[in-house]
Amino acid sequence: MSGGRATTRDEVNISIENPDSPLALGLLEHYYSELATRFPEGFDLERTITAPSAELRPPRGAFLVAHVDGRPVGCGAIRKLDDTTGEIKRMWVSPQARGHGLGRRLLGALEATAVELGCATVRLDTSAHLTEAIALYRSAGYEEIPAYNDNGYAAFWFERHLT
């Protein structure tokens, strides 16, 4: 990354990673730490909807890691809710890599992976405190839907038809 921030000239690679690997667990720890600072009440993993790692591996799902110039700077997961519907989980981009379209690229990679898994639709939930995420999802064509789960932190539920 140029000067510690991702730029449009940096090499971006998004690949599947074992969700139980030290790399994946480390990125998730950064994600959870950020949530703890952004949510007024803090963050408790027990209050949210988690996905067992087996659901984040083919053929049920995938865990993706985004690298910029070889450095891991983001992650996200997709899991199948049923035969044709996927759910995006734990999408996060390091604050140092934000502002250059990496979140949109990661979202696109998650959607492409969902299609490869046989999903025609993807859903996700997000907190009202993650305003950048809400804006990204809306600008990427996600439409707000009624709650489809009971995530204690979610205030918005979105869906997008992929095919």
> Once amide H atoms are placed 1.01 Å from N in the peptide plane, what residues at a sequence separation of 5 or more from residue 155, or on another chain, have their amide H within under 5 Å of its amide H?
Replying inline: 126, 127, 128
>> Run the helix sum for the chain: -39,500 (n - 2.57) per DSSP H stretch of 4+ residues, divided by residue count, reported at 222 nm to the nearest 500 deg cm²/dmol.
In response: -8000 deg cm²/dmol
> Mean Kyte-Doolittle of at least -1.0 and a Cα length of 18 Å or more along the axis: which whole DSSP H helices of the chain meet both?
Replying inline: 22-38, 102-116
>> For a quick check, take a GNM of the chain with Cα springs below 10 Å and name the residue from 47, 104, 123 with the largest mean-square fluctuation.
In response: 47
> Rounded, prolate or oblate: which fits the stretch 17-61 when a ≥ b ≥ c are the square roots of the eigenvalues of the alpha-carbon gyration tensor, with rounded for a/c under 1.5 and prolate only if a/b beats b/c?
Replying inline: oblate
> For the stretch 12-120, rounded, prolate or oblate, judged on the Cα gyration tensor with a ≥ b ≥ c (square roots of eigenvalues), a/c < 1.5 rounded, else prolate if a/b > b/c?
Replying inline: oblate
> Which whole-Hz ³J(HN,Hα) couplings does the stretch 64-74 yield from phi under the Karplus relation 6.51 cos²θ - 1.76 cosθ + 1.60, θ = phi - 60°, glycine and proline marked x?
Replying inline: 10, 10, 9, 10, 10, 6, x, 9, x, 10, x
> Hey, what do the phi angles of the stretch 153-160 turn into as Karplus ³J(HN,Hα) couplings, whole Hz, using 6.51/-1.76/1.60 and θ = phi - 60°, x for Gly and Pro?
Replying inline: 9, 6, 10, 10, 10, 10, 8, 9
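All of the numbers you see were taken from the coordinates with simple rules; none came from a lab. All figures in this text were calculated on a predicted structure; none of them were measured in a lab.
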